[in-house]
Amino acid sequence: MRSNRFVSCSLAAIALMACVGVAIAADPRVSRLEPHGAQRGTEATIRIVGQRLGDRPEQLLFYEPGVELLELTAEGNDAAKAKLRIAPDCQPGPHALRLRTATGLSNLVTLHVGDYPEVAEQEPNNNDNEAQVVPLGTVINGFVAREETDCFGVELNAGQRLSVEVEGIRLGRVFFDPYLEIAGPSGALLAACDDTAATRQDPSLSIVAKEAGLYLVRLRESALRGGNDRTYRLHIGGFARPAAVFPPAVRAGEATNLTFIDESPEPITQEATHSVGRRGVHASRVAEVFAGGPDGVGPSGMPVRVVNAPIVAEAEPNNDRNAGEPIALPATMVGSIGQPGDLDHFPFTAKKNETFELRVLARRLRSPIDPVLRVYDESGKQVAANDDDQGHPDGYVRFRAPSDSRFVVRVEDYMKRGGPEYVYAVEATRPRPRVELTIHEFRRYIATTVNVPRGNRTAILVNASRKDVGGAVTLGFDGLPEGVSVEAPAIAGNYYRGPVVFSATDAAPNAGVLATPTAQREDGKPLAAELDHQSWLVRGQNNVPMWTYNAHRTPVAVTEPVPFRVKLAEPKAPLVQSGAKDLRVVAERLAGADGKTFDGAIRVRMLYHSPGVSSNRSRSIAAGKTEVDIPVTAAGNARLGDWDVVMTAEANVGGNVQVCTQLVKLRIAEPYFTLSLPKTSLERGASADFRVAIEPATEFAGPAKLELINLPHGVTAAPLEVEHGATEATFRLTATKDARLGRQRNVSVRAVLTDSGEPVTHTRGGGEIVVDPAADTKKPEATQTASSGGAK
């Protein structure tokens, strides 16, 4: 029996700040780590390479515990060097981090922790005769060039296990599809692998040596592509490389005996206890478990679902839907499609109208099964089924019992495959009120971070999807940096997103945190808030996400001040449907790090548009100027109500920096009157009346000025004024002698009135004017005249 070793990480991460010379920069960008990882229980120096990293690198913000920053220094403008301490019990695998400089947060990258000493690939090693010989228990950092195979040798005794695993695409750098082979002492190929379900698009192999000698490990890109950016970490050791773990779900707070499924003659078992809130167990409630042994811990674990409900394991034989005693829901059903064609049934009873969410977890747990989820009633009639849920191969069914009865959940593989590693869990839960959150990407494929300059504001846009809850939802964030506050207006019950404005005081210290989103209902009661903050690490063809990191907290940082602030003038009058309005943004220009007042251009945009509203997104406060008007328009069906509006302002200050205005209310209102435009015609050189019908609505003081626009070339009409209560306005059209002939559609009226000292503009189209030739230029009718030979 293998010895058991289960490792866990501490629940705290410490970041040490170090300051160097001040220079204005922004928007730091990390392209790679050199090397990509380190051995746990050691201290390591990692070089962080990218752009705009040298402006006072102050902190590494870790998403997982177990890595401590000891020292951080700049190496020029485009690199930084970090000295790290990796805890002995740090969980292997990727550890997400962001670099924070004095002026912003970088993109997310991953540092990979392993159990073995780290070495670098040594060239030449491109054939078996040049294989780089390494001891068993080594992590090799290297890269694969184009049409190149990297070869490594390891001495084994007969009966000794050799496990090999590559971290390639999982390093999150480029689209890299590694291919792995193991050859025996004679050169004969023993095993090969491209992808596995357990390690996704990266390969892994495990064999037992039948004879002593030098075994070869070959690594290449599957299509023989390569390059300096096709970096890898190759783990060579005697670690266990399980294909699955059973049960694939554990109950929070309870000790569970886990069995790791691999090709070993004796199963690997160990006990584990998890609770929601551990490292890796966030809103998704998935934890990683690792098979430990005397030869070390593998580089990647197997995911298990952490649940609060009882766990019910399948009891074979259960291919018959009538077999077994009904179970009580809520519960989590676990099992495996143990052989091709296997069907697993779980009977349960439910009361009429009792509702459950049934969600199968398989691919999410890296099982090879393509699960199909079905529900049958007592007569054998299928009452619900699902194969893929919203593009994901794991199925989901929302089941509402049509009567008091016995029902059956069935799980099968779509392709009728099976094996002991085809494990799954089916969660049966009652509908739970919650709001699922995502943060809008302002730059496509780049996850939004929150950088709040000291003494300034910044804004993000949060999308909120309600689940089993209605009404307004108010968002917040816990654990913000010192001196940072948040303003998040309630998101109306009939809308799905809203702005969130972060403000930092003048005294707020530079700092970075991972803030936890919160939500509350209209009545003030708390509501579960689940954030999915996706970082695109590797994209494939057609921008399909090949490797991502999904976080459940928001990175927020206080940064150095920027040399401008912006304010939005509070609108006093509404924006009406089928109308337009200018919103004025005023900039306060401040002194920069060089002591000079910033006078560059500042691009201004609305953070978002309420339904039916649009704005000009190309306006800027010109260099040296302090204000700009942003034209905003509302469609005829724009949604009415008071909307929270905020403008973002972006400038190049040695890199892009962005701040925002305060929130203001913009009222979208019905038109003060409705206009109906006619169809009319006139001749060149003539005049005609164009009568516009007016249906009064909202009372207004003073006259409204009406102007015809989009008239045919050569046709004019003088503006008119009307008072509230008028039912008609008649324009006098005049056409020049060379006015353009033909039909002009969508002639419009622009009507402007004044409310609270501000213009309220209405625009109404739909009119039509036809310009005809002048009467004296029309071709005369043919007349009959007498001629010789004609009648007398």
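The values are calculated or read from the model by the stated rules, or taken from the named source; none is laboratory data. In this text, all values refer to a predicted model and were calculated from it rather than measured experimentally. We place every Cβ from the backbone using ideal geometry, glycine too, and count neighbours over all the protein chains shown. Surface accessibility is based on the protein's heavy atoms, side chains included, excluding ligands, DNA and RNA. Shrake-Rupley method; radii C 1.70, N 1.55, O 1.52, S 1.80 Å.
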Selected residue (only one of 453, 509 is surrounded by 17 or more Cβ atoms within 10 Å (Cβ to Cβ) and in contact (Cβ under 8 Å) with a residue 24 or more places away in the chain): 453
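Considering only the stretch 541-626, give the strands (runs of 3 or more DSSP E) lying wholly within it that have at least 2 residues that are open to solvent by 20 Å² or more (accessible area, probe 1.4 Å) and under 26 Å from residue 664 (Cβ atoms). Don't jump to the end; show me each part of the working.
On the way: elements: 545-551, 554-559, 564-568, 579-589, 602-606, 613-615.
Of the strands (runs of 3 or more DSSP E) lying wholly inside the stretch 541-626, those with at least 2 residues that are open to solvent by 20 Å² or more (accessible area, probe 1.4 Å) and under 26 Å from residue 664 (Cβ atoms) span 564-568, 579-589, 602-606, 613-615.
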Answer from 416, 352 - the residue that is under 24 Å from residue 325 (Cα atoms) and either part of a loop (DSSP other than H, G, I, E, B) or aromatic (Phe, Trp, Tyr) (or both): 352
Checklist (1) touching a Lys or Arg at 6+ places or on another chain (Cβ under 6 Å); (2) at pLDDT 95 or above applied to residue 499, failing item: (1)
Among (1) of a type in the set (A, V, I, L, M); (2) modelled with pLDDT of 95 or more; (3) under 16 Å from residue 28 (Cβ atoms), the one test that residue 53 misses: (2)
Which numbered condition residue 120 fails, given (1) crowded, with 17+ Cβ neighbours inside 10 Å; (2) under 30 Å from residue 29 (Cβ atoms): (1)
Residue satisfying all of: in the stretch 255-290; at pLDDT 90 or above and assigned to a loop (DSSP other than H, G, I, E, B); farthest from residue 426 (Cα to Cα) among these: 290
Top-ranked residue in the stretch 291-320 [being outside any loop (DSSP other than H, G, I, E, B) and open to solvent by less than 10 Å² (accessible area, probe 1.4 Å); ranked as farthest from residue 139 (Cα to Cα)]: 307
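Has the stretch 382-400 got at least one residue that is within 30 Å of the chain's Cα centre (by Cα), under 18 Å from residue 326 (Cα atoms) and surrounded by 13 or more Cβ atoms within 10 Å (Cβ to Cβ)?
First, pick out the residues of the stretch 382-400 that are within 30 Å of the chain's Cα centre (by Cα): 385-399.
Narrowing the set further to residues that are under 18 Å from residue 326 (Cα atoms) leaves 399.
When the remaining residues are screened for being surrounded by 13 or more Cβ atoms within 10 Å (Cβ to Cβ), the result is 399.
The answer is yes; a qualifying residue exists.
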Lone qualifier among 435, 383, 426, 372 - being in contact with a Phe, Trp or Tyr (Cβ under 6 Å, 6 or more places away or on another chain) and in contact (Cβ under 8 Å) with a residue 24 or more places away in the chain: 372
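Yes/no matrix, rows are residues, columns are (1) aliphatic (A, V, I, L, M); (2) in contact with a Leu (Cβ under 6 Å, 6 or more places away or on another chain); (3) open to solvent by 50 Å² or more (accessible area, probe 1.4 Å):
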{"position": "49", "(1), (2), (3)": "yes, no, no"}
{"position": "55", "(1), (2), (3)": "no, no, no"}
{"position": "65", "(1), (2), (3)": "no, yes, no"}
{"position": "74", "(1), (2), (3)": "yes, no, no"}
{"position": "102", "(1), (2), (3)": "yes, no, no"}
{"position": "112", "(1), (2), (3)": "no, no, no"}
Subset of the stretch 193-219 that is within 27 Å of the chain's Cα centre (by Cα) and assigned to a strand (DSSP E or B) - its residue that is surrounded by the fewest Cβ atoms within 10 Å (Cβ to Cβ): 200
Residue check for residue 77: assigned to a loop (DSSP other than H, G, I, E, B), under 29 Å from residue 655 (Cα atoms), modelled with pLDDT of 95 or more and not hydroxyl-bearing (Ser, Thr, Tyr): no
Scan of the stretch 673-714 for residues that are open to solvent by less than 40 Å² (accessible area, probe 1.4 Å) and more than 53 Å from the chain's Cα centre (by Cα), ordered by number: 680, 682, 686, 688, 690, 714
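Are any residues in the stretch 330-352 among the small types (Gly, Ala, Ser), surrounded by 18 or more Cβ atoms within 10 Å (Cβ to Cβ) and closer than 20 Å to residue 261 by Cα, and if so, which ones?
The first filter runs over the stretch 330-352 and keeps only residues among the small types (Gly, Ala, Ser), leaving 331, 335-336, 338, 341, 350.
When the remaining residues are screened for being surrounded by 18 or more Cβ atoms within 10 Å (Cβ to Cβ), the result is 331, 335-336, 350.
Across the stretch 330-352, the qualifying residues are 335, 336.
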Members of the stretch 86-127 that are within 23 Å of the chain's Cα centre (by Cα) and free of Cβ contacts under 8 Å to residues at least 60 places away in the same chain: 95, 97
Residue match in the stretch 356-365 (condition: assigned to a loop (DSSP other than H, G, I, E, B) and surrounded by fewer than 18 Cβ atoms within 10 Å (Cβ to Cβ)): no
Lone unmet requirement of (1) farther than 19 Å from residue 772 by Cα; (2) surrounded by 15 or more Cβ atoms within 10 Å (Cβ to Cβ); (3) touching a Leu at 6+ places or on another chain (Cβ under 7 Å) for residue 717: (1)
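I'd like to know if the stretch 518-528 contains one or more residues that are part of a strand (DSSP E or B), open to solvent by less than 60 Å² (accessible area, probe 1.4 Å), closer than 30 Å to residue 97 by Cα and not small (Gly, Ala, Ser).
Kept after step one, since they are part of a strand (DSSP E or B), are these residues of the stretch 518-528: 518-520, 526-528.
Retained after the next criterion (residues that are open to solvent by less than 60 Å² (accessible area, probe 1.4 Å)): 518-519, 527-528.
Filter once more, so that each one left must be closer than 30 Å to residue 97 by Cα: 518-519, 527-528.
With the extra rule that they be not small (Gly, Ala, Ser), the set shrinks to 518, 527.
Looking through the stretch 518-528, at least one residue is part of a strand (DSSP E or B), open to solvent by less than 60 Å² (accessible area, probe 1.4 Å), closer than 30 Å to residue 97 by Cα and not small (Gly, Ala, Ser).
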Pairs, first closer than 16 Å to residue 702 by Cα in the stretch 717-733, second exposed (fewer than 10 other Cβ atoms within 10 Å of the Cβ), C-beta under 6 Å, six or more apart: 724/699
Tally of residues being open to solvent by 10 Å² or more (accessible area, probe 1.4 Å) and more than 16 Å from residue 427 (Cα to Cα) across the stretch 366-381: 9
Which listed residue, of 87, 38, 96, 82, is crowded, with 21+ Cβ neighbours inside 10 Å, closer than 29 Å to residue 262 by Cα and at pLDDT 95 or above: 38
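Provide a single number: the residues in the stretch 226-239 that are assigned to a loop (DSSP other than H, G, I, E, B) and either closer than 25 Å to residue 307 by Cα or open to solvent by less than 10 Å² (accessible area, probe 1.4 Å) (or both).
Here is the first cut: in the stretch 226-239, the ones assigned to a loop (DSSP other than H, G, I, E, B) are 226-230, 238-239.
The next check asks that each one be either closer than 25 Å to residue 307 by Cα or open to solvent by less than 10 Å² (accessible area, probe 1.4 Å) (or both); those that pass are 238-239.
Total meeting the criteria: 2.
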